[in-house]
1. Cβ-Cβ under 7 Å, sequence separation 6+ or interchain: first residue in the range A:183-205 and over 19 Å from A:Val316 (Cα atoms), partner open to solvent by 40 Å² or more (accessible area, probe 1.4 Å) and at pLDDT below 95. Which pairs?
2. For the range B:11-33, enumerate the residues that are away from every other protein chain (no Cβ under 12 Å) and either within 22 Å of B:Ala88 (Cα to Cα) or open to solvent by 10 Å² or more (accessible area, probe 1.4 Å) (or both).
3. Within the range A:354-362, identify whether any single residue is at pLDDT 95 or above, open to solvent by 20 Å² or more (accessible area, probe 1.4 Å) and not in a helix (DSSP H, G or I), and answer yes or no.
4. Within the range A:175-186, identify whether any single residue is at pLDDT below 95 and open to solvent by less than 50 Å² (accessible area, probe 1.4 Å), and answer yes or no.
5. Taking the range A:112-159, which residues are assigned to a loop (DSSP other than H, G, I, E, B), touching a residue at least 24 places away in the same chain (Cβ under 8 Å) and more than 7 Å from chain B (Cβ to nearest Cβ)?
6. Inspect all residues belonging to the range B:93-100 and state whether any of them is polar (S, T, N, Q) and surrounded by 13 or more Cβ atoms within 10 Å (Cβ to Cβ).
7. Which of the residues belonging to the range A:112-138 are more than 24 Å from A:Leu81 (Cβ to Cβ) and crowded, with 23+ Cβ neighbours inside 10 Å?
8. Among the candidates A:Ala400, A:Ala342, which residue alone is open to solvent by less than 20 Å² (accessible area, probe 1.4 Å), more than 26 Å from A:Pro170 (Cβ to Cβ) and more than 13 Å from the chain's Cα centre (by Cα)?
Amino acid sequence: MPINKLPRGVAIVGAGMSKFGAFPDKNGRDLFVEAYKEMTRSVDKGLDPSAIECFYLGNFSSDLFERQGHTAPLLADAVGLTPIPAARVENACASGATALRQGVIAIASGLYDVVLVGGAEKMTNLPTADVTDTLATAADVPFEIAAGFTFPGFYAAIATAYMARYGMKPEHLMNVAIKNHDNGALNPKAQFGVTIQKWMEGRVAAALKKGKPAPAWSDIWDFLHDDSANPMVAWPLRLFDCSPITDGASAVLLVAEERVREFTDHPIRILGSAQASDAALHDRADLTSLPAAKLAASRAYEMAGVTPKDIRIAEVHDCFTIAEVVASEDIDFFAPGEGFKAAEDGMTAREGAKPINTSGGLKSKGHPVGASGVAQAVEVWKQMRVEAGERQVPGDVPLAMTHNVGATGSTCVVHIYERRD
Amino acid sequence: MEIARHWRLKQQRYGLVGEVCPHCDVKIFPPRDVCPECGGEAKTLYTFSGKGEVYSYTTIYEAPAGYDETAPYTVALVKLEEGPLVTAQLTDVDEESVQIGMPVEMVTRKLRQDGDERGMLVYGYKFRKST
């Protein structure tokens with residue numbers, strides 16, 4: 001099946017996000033307003049909100065997390081955008097990028113010129129066990145969850161299969177966590193914006209303050225191997241292999257190519273937008289790769305007319321450390337079985353040949369599920385416009401990619417971006 | 001609490017009943033009435049032998065509500081000898097001895113308890129080591 005190009009060019013002309021974290025004093029609406037305001041301030045030539053014609057919201061489960069349904073018009077009202085059409089898009093943890101893709105399609109179709117895309121999730125109202133139950137609804141509930149599986153469990157089973165095939169050890173995954181915390185420490189919006197080294201030192205200081213004996217970790221590797229500091233969640237995945245429970249929101253403004261100059265002279269053009277679906281994990285021929293991710297990536301490359309070596313940076317869906325390793329292979333940055341070695345060799349660090357998750361990723365920045373896919377686009381926007389501050393990658397970023405996954409790969413959405421000054 | 005949600009799965013949960021495609025003979029579990037291989041209608045019931053091997057696995061330490069009593073426990077994707085993968089808990093097994101390729105067979109066990117001590121007990125398939 002030949003891949004159609006977008007029939008009309010689409011570009012991002014503004015992007016913003018709330019601080020990610022746990023905020024007892026804020027609900028999803030408050031966080032979205034924060035993201036929207038930052039987005040409006042980022043539009044170089046200013047934004048008259050009456051120009052916005054339509055709003056798509058990525059949100060997984062405000063119903064269960066906040067006991068609030070029908071979220072899109074409420075959020076539109078909160079930022080003064082009613083009566084424009086507002087629709088919520090749900091695709092589990094890929095809700096954000098799916099909403100982004102709907103915005104792209106709406107403009108490419110010719111129906112609208114200016115579309116707001118947001119993502120929002122307020123997760124910390126619920127106790128952890130209820131958050132786990134809510135996230136579990138993204139799986140095949142009668143046939144996967146009934147067995148006692150959890151999301152860390154699914155990705156752990158992927159890790160087990162990957163280790164058996166490629167000889168990876170659980171320690172290799174720690175490289176991903178260390179790298180993403182190093183990046184997140186330079187991101188003021190990150191939930192856990194601290195290196196693992198600082199985290200460990202904080203634990204020692206806290207123990208001493210309480211008059212307890214200081215834990216005798218020799219280094220961060222020792223710390224990460226300690227069951228009390230880094231407990232097992234689902235073997236081989238430990239706490240530091242898992243993204244956290246997060247409140248947060250994100251927003252981008254999409255504009256049709258012919259109207260871009262009304263808003264900015266430094267737009268980020270969307271060159272490729274692709275999405276694929278798959279069955280639950282028990283219907284896969286292979287667990288060491290996500291077929292929907294491979295398919296979405298290859299279609300996005302074809303639509304954009306570029307190759308993996310052209311892409312300077314990628315934000316990928318690292319809900320678990322193994323997910324980043326698999327993603328780095330599914331988007332064809334590295335050959336199958338090479339992703340964990342690339343992480344070990346520093347190739348995916350900011351200074352590496354193929355920087356991945358300069359934002360800190362879901363691991364360190366946080367994972368408010370419906371907001372994550374749009375927040376990936378926010379990071380790419382900042383890096384491509386050289387506005388990422390201390391975590392800015394060296395050199396030009398003419399092309400970038402985002403990769404957002406729902407559940408264990410039942411949805412994957414990939415976008416390719418081009419800087420077009 | 002939501003008894004029908006579990007009751008309507010009794011054939012699958014107690015008997016490992018799936019389907020076989022009359023067009024291409026592919027065995028299907030969980031059943032879905034449309035063959036995932038050829039796309040034809042596949043409503044012919046098929047009872048699996050319950051024999052297979054561990055395809056991949058993990059041991060859950062952070063268990064969800066209703067399962068925490070037995071944590072840590074080992075769950076697996078079991079490759080049935082007829083082809084499909086089934087997601088299930090392993091039982092009567094020492095987690096240290098579990099490995100990919102280990103032969104297993106289906107048994108019926110308590111899966112979970114809904115709610116408090118008066119909540120419904122949910123039974124279904126688990127797998128144990130076979131020889």
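1. Matching pairs, first to second residue: A:Arg203/A:Pro215; A:Val204/A:Ala214; A:Val204/A:Pro215.
2. B:Gln11, B:Tyr14, B:Gly15, B:Val17, B:Glu19, B:Val20, B:Pro22, B:His23, B:Cys24, B:Asp25, B:Lys27, B:Asp33
3. Looking through the range A:354-362, at least one residue is at pLDDT 95 or above, open to solvent by 20 Å² or more (accessible area, probe 1.4 Å) and not in a helix (DSSP H, G or I).
4. Among the residues of the range A:175-186, not one is at pLDDT below 95 and open to solvent by less than 50 Å² (accessible area, probe 1.4 Å), which makes the answer no.
5. Across the range A:112-159, the qualifying residues are A:Tyr112, A:Asp113, A:Met123, A:Thr124, A:Asn125, A:Leu126, A:Thr137, A:Ala138, A:Ala139, A:Asp140.
6. Among the residues of the range B:93-100, not one is polar (S, T, N, Q) and surrounded by 13 or more Cβ atoms within 10 Å (Cβ to Cβ), which makes the answer no.
7. A:Met123, A:Leu135, A:Ala138
8. Result: A:Ala400 is the single residue among A:Ala400, A:Ala342 that is open to solvent by less than 20 Å² (accessible area, probe 1.4 Å), more than 26 Å from A:Pro170 (Cβ to Cβ) and more than 13 Å from the chain's Cα centre (by Cα).
The values are calculated or read from the model by the stated rules, or taken from the named source; none is laboratory data. As the structure is a prediction and not an experimental result, all values here were calculated from the model. Cβ coordinates were reconstructed from backbone atoms using ideal geometry, including for glycine residues, and neighbour counts include every protein chain displayed. For accessibility, only protein heavy atoms count, side chains too; no ligands or nucleic acids. Shrake-Rupley method; radii C 1.70, N 1.55, O 1.52, S 1.80 Å.
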